[in-house]
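Trainee: Can you read through this structure? Questions will come right after.
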Amino acid sequence: MKIVNIVGARPNLMKIAPLIAEMQRFSDIEPVLVHTGQHYDDNMSEVFFKELGIPQPDYNLGVGPGTHTWQTAQVMLALEPLLQELRPDLVLVVGDVNSTLAAALVAAKVCIPLAHVEAGLRSFDRTMPEEINRVITDALADYLFTTERSANENLQQEGIPDHRVFFVGNVMIDTLLHHRQRAEALGMPARYGVSGNGYALLTLHRPSNVDVREVLGGILNALDSLQSRLPVLFPAHPRTMRRLAENGFLERIKTMPNLRLIEPLGYLEFLGLMAQARLMLTDSGGIQEETTALGIPCLTLRENTERPITIEMGTNRLAGNRKESILNAYEDFARNETRNCSIPPKWDGKAADRIVEILKNI
Ligand code: UD1
């Protein structure tokens with residue numbers, strides 16, 4: 001069984017790692033890895049291959065940055081002849097990035113069965129690029145693997161037949177559980193002069209938060225007040241770094257002594273910091289799930305989430321992206337600071353095993 005696995009952006013890599021490792025255990029499965037090149041900086045891509053033991057891609061489409069339409073189209077143009085040449089038995093995509101959508105469209109057009117890992121998540125916000133990617137990928141997929149029960153309900157409401165949908169758990173949490181000890185042993189907080197449980201960790205990259213000057217400025221206002229109470233470490237995505245510079249906000253950050261802007265980190269370094277943080281602030285989807293698995297309180301700088309289980313489990317709360325709403329959420333957190341250690345069903349490190357077992361029998 002030849003399976004073409006597609007990755008493109010950073011959050012795909014921690015999802016594909018356990019799947020490839022599991023596929024490699026079976027002599028009758030031939031995993032082929034294709035990197036679209038959506039993310040291309042070493043610290044957004046290469047470092048994750050090394051740390052997570054992902055084999056080097058068999059093919060790199062070298063697409064790079066562009067508008068969403070351009071990027072999606074470039075992946076499609078490059079992938080179509082490759083899939084026609086390889087004629088795999090299955091194309092497997094993960095997550096919700098533009099590369100996921102592009103590969104799903106090509107697989108469907110050239111009539112190759114498609115599996116989508118992390119299917120069914122819905123923010124119900126179609127201004128979010130990932131939501132479009134999720135809805136279309138799921139409509140095209142033959143095998144849909146879900147991380148939480150709400151995803152099964154969403155798919156059912158969209159008319160996807162039940163027999164295509166499999167509730168298997170969360171492959172990203174497979175990776176987290178596998179690497180957690182090694183990451184914590186790095187002693188990351190000390191490297192940044194903070195103590196365990198004595199800092200907040202921040203990530204920010206969503207266009208709706210960083211591309212509009214007023215919104216980004218409002219978030220910085222909230223951070224200004226927050227950093228005077230708890231040191232904040234801020235590994236910044238390249239898009240965010242560019243927006244901070246373009247808007248003259250780097251000077252502003254220099255006036256905040258406890259907000260520490262740093263380069264994007266590797267997987268282990270970031271996990272090491274996240275696992276020992278007092279609080280996470282983020283607009284990422286995956287980090288909402290990772291903090292749930294770690295029991296770390298998380299304020300999500302968005303109005304909605306496609307991952308409601310993270311709120312049900314008690315670690316995550318929506319803080320919006322305005323100064324007042326962020327500070328209110330922070331006050332609320334500071335008043336009722338508790339650690340919550342309920343782990344969602346099937347987030348047990350075995351999701352990749354379940355997926356590959358199902359794929360072997362299709
Ligand atoms: C993409 C995903 C998003 C995911 C995020 C994680 C889509 C629609 N979005 O968003 O869901 O949460 O990845 O990071 O697919 N850049 C670099 N070097 C890189 C990668 C990006 O400099 O290695 C810069 C590029 O100039 C690019 C910008 O960052 O224009 C944004 O990259 P892009 O891949 O378009 O989207 P992300 O914001 O990373």
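The values are calculated or read from the model by the stated rules, or taken from the named source; none is laboratory data. Here the structure is a predicted model, which is why all the values come from computation and not from measurement. Because the Cβ atoms are built from the backbone with ideal geometry, glycine has one as well, and the counts that use them run over all protein chains shown.
Trainee: Name the single residue that is farthest from the ligand (Cβ to nearest atom) among those in segment 1-18 being assigned to a strand (DSSP E or B) and surrounded by fewer than 24 Cβ atoms within 10 Å (Cβ to Cβ).
Mentor: My answer is Lys2.
Trainee: Hey, another quick one. Inspect all residues belonging to segment 258-275 and state whether any of them is surrounded by 21 or more Cβ atoms within 10 Å (Cβ to Cβ), more than 20 Å from the chain's Cα centre (by Cα) and in contact (Cβ under 8 Å) with a residue 24 or more places away in the chain.
Mentor: Yes: segment 258-275 contains one or more residues that are surrounded by 21 or more Cβ atoms within 10 Å (Cβ to Cβ), more than 20 Å from the chain's Cα centre (by Cα) and in contact (Cβ under 8 Å) with a residue 24 or more places away in the chain.
Trainee: While we're on this one: What do you reckon, is Ala78 away from the ligand (no atom under 14 Å from the Cβ), buried (at least 24 other Cβ atoms within 10 Å of the Cβ) and not in a strand (DSSP E or B)?
Mentor: For Ala78, the condition - away from the ligand (no atom under 14 Å from the Cβ), buried (at least 24 other Cβ atoms within 10 Å of the Cβ) and not in a strand (DSSP E or B) - is not met.
Trainee: Also: Leu230: in a loop (DSSP other than H, G, I, E, B) and either within 16 Å of the ligand (Cβ to nearest atom) or assigned by TED's automatic domain parsing to the domain that holds Arg278 (or both), yes or no?
Mentor: For Leu230, the condition - in a loop (DSSP other than H, G, I, E, B) and either within 16 Å of the ligand (Cβ to nearest atom) or assigned by TED's automatic domain parsing to the domain that holds Arg278 (or both) - is met.
Trainee: Also: Conditions first: (1) more than 10 Å from the ligand (Cβ to nearest atom); (2) closer than 18 Å to Arg10 by Cβ. Arg87 passes all but one, so which condition is the exception?
Mentor: Evaluating Arg87 over (1) more than 10 Å from the ligand (Cβ to nearest atom); (2) closer than 18 Å to Arg10 by Cβ leaves (2) as the failure.
Trainee: Further question: Can you tell which of Met280, Met256 is more than 13 Å from the ligand (Cβ to nearest atom) and touching a Ser or Thr at 6+ places or on another chain (Cβ under 7 Å)?
Mentor: Result of the check over Met280, Met256: Met280.
Trainee: Something else about it: Given Ala21, Ala115, which one is away from the ligand (no atom under 16 Å from the Cβ), crowded, with 24+ Cβ neighbours inside 10 Å and modelled with pLDDT of 95 or more?
Mentor: Of Ala21, Ala115, the one residue that is away from the ligand (no atom under 16 Å from the Cβ), crowded, with 24+ Cβ neighbours inside 10 Å and modelled with pLDDT of 95 or more is Ala115.
Trainee: Can you find a residue that is within 12 Å of the ligand (Cβ to nearest atom), under 26 Å from Pro129 (Cβ atoms) and either assigned to a loop (DSSP other than H, G, I, E, B) or touching a Gly at 6+ places or on another chain (Cβ under 7 Å) (or both) anywhere in segment 235-248?
Mentor: Yes.
Trainee: Just to be sure, is Glu306 touching a residue at least 40 places away in the same chain (Cβ under 8 Å) and within 26 Å of Arg182 (Cα to Cα)?
Mentor: no
Trainee: Take segment 24-53 and flag every residue that is closer than 19 Å to Leu268 by Cβ, touching a residue at least 24 places away in the same chain (Cβ under 8 Å) and within 10 Å of the ligand (Cβ to nearest atom).
Mentor: Listed by number, the residues that qualify are His39, Asp41, Asn43, Met44, Ser45.
Trainee: Sticking with this one: Restricting attention to segment 293-311, report how many residues are touching an Asp or Glu at 6+ places or on another chain (Cβ under 9 Å) and farther than 23 Å from Asn197 by Cβ.
Mentor: Of the residues in segment 293-311, 7 are touching an Asp or Glu at 6+ places or on another chain (Cβ under 9 Å) and farther than 23 Å from Asn197 by Cβ.
Trainee: Can you list residue pairs whose Cβ atoms sit under 6 Å apart, with the first residue in segment 118-147 being under 20 Å from Asp162 (Cβ atoms) and the second being of a type in the set (S, T, N, Q) and within 15 Å of the ligand (Cβ to nearest atom)? Count only pairs 6 or more apart in sequence or on different chains.
Mentor: Thr137/Thr100
Trainee: How about segment 107-134: which of its residues are touching a strand residue (DSSP E or B) at 6+ places or on another chain (Cβ under 8 Å) and outside any loop (DSSP other than H, G, I, E, B)?
Mentor: Once the filter is applied, which keeps residues that are touching a strand residue (DSSP E or B) at 6+ places or on another chain (Cβ under 8 Å) and outside any loop (DSSP other than H, G, I, E, B), segment 107-134 yields Ala107, Ala108, Leu114, Ala115, His116, Val117.
Trainee: Moving on to the next point. Out of (1) surrounded by fewer than 21 Cβ atoms within 10 Å (Cβ to Cβ); (2) within 16 Å of the ligand (Cβ to nearest atom); (3) under 25 Å from Glu357 (Cα atoms), what's the single condition that is false for Ser208?
Mentor: Condition (3) is where Ser208 drops out.
Trainee: May I pose another question? Suppose the filter is in a helix (DSSP H, G or I) and under 18 Å from the mean Cα position of the chain (by Cα); does Leu177 pass it?
Mentor: Spelling it out, Leu177 is indeed in a helix (DSSP H, G or I) and under 18 Å from the mean Cα position of the chain (by Cα).
Trainee: Checking the condition out of contact with any strand residue (DSSP E or B) (no Cβ under 9 Å at 6 or more places or on another chain), surrounded by fewer than 24 Cβ atoms within 10 Å (Cβ to Cβ) and not in a helix (DSSP H, G or I), which residue from Gly66, Gly62 passes?
Mentor: Gly66
Trainee: Looking only at segment 276-329, which residues are assigned to a helix (DSSP H, G or I), crowded, with 23+ Cβ neighbours inside 10 Å and small (Gly, Ala, Ser)?
Mentor: Scanning segment 276-329 gives a single hit, Ala293.
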